[in-house]
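The values are calculated or read from the model by the stated rules, or taken from the named source; none is laboratory data. Source: prediction; values computed, not measured. Here the Cβ positions follow ideal geometry from the backbone for every residue, glycine too, while neighbour counts run over all protein chains shown. Accessible surface areas use protein heavy atoms only, side chains included; no ligands, DNA or RNA. Shrake-Rupley method; radii C 1.70, N 1.55, O 1.52, S 1.80 Å.
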Amino acid sequence: MVTRKHPRFPVSFSSTLVHENRFSHAGSVRNLSAKGCRVDSIISPFTGMQLTVQLHIPGESQPILIDNAAVRWSGSSGIGLEFLTIAPRHQERLDRMIQQLEPKIVLQ
């Protein structure tokens, strides 16, 4: 069993994966954590490949930009990305989104 440092939350929104400004492919984000995500896409990048990722959040006019993400795995169940570099303003937006996804504990 894999123990994760950051909980993953199920989501469904679009993304754009860019490699060195040479190719750009659409993807569908299926789960998200503070430090990574799983994306469904027609591409099969190699492990270690570095990508720029745009997370297109429903209801927001601008995507969250992940300046540098590393492919940690790729296969039939999608692409696992680890977020390596995020500008502070995009990190703040990502953090707010993660907070909204976290289950709320109701005290009685």
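The computed Rg/Rh (Cα atoms, Kirkwood Rh) for the structure shown corresponds, within [x] 1.00; [y] 0.97; [z] 1.02, to [y]. Considering only THR85, ALA34, LEU17, the residue lying farthest towards the positive end of the dipole of the chain is ALA34, judged by Cα position with unit charges set on Cβ. Using a Förster distance of 22 Å, how high is the FRET efficiency between HIS6 and PHE46, based on the Cβ-Cβ distance and rounded to 0.05? Computed FRET efficiency for HIS6 and PHE46 comes out at 0.35.
For the chain, the 222 nm mean residue ellipticity estimated from helices alone, with every DSSP H stretch of n ≥ 4 adding -39500 (n - 2.57) and the total spread over all residues, rounds to -4000 deg cm²/dmol. About its Cα centre, the dipole of the stretch 47-107 is roughly 60 debye, where the only charges are +1 on Lys and Arg Cβ and -1 on Asp and Glu Cβ. Rolled with a 1.4 Å probe across the full set of protein chains, the surface gives LEU32 an accessible area near 0 Å². Rolling a 1.4 Å probe over the heavy atoms of the protein chains gives the chain an accessible area of 63 Å² per residue.
When a 1.4 Å probe is rolled over the protein heavy atoms, the share of accessible surface on the chain that falls to carbon and sulfur comes to 52 percent.
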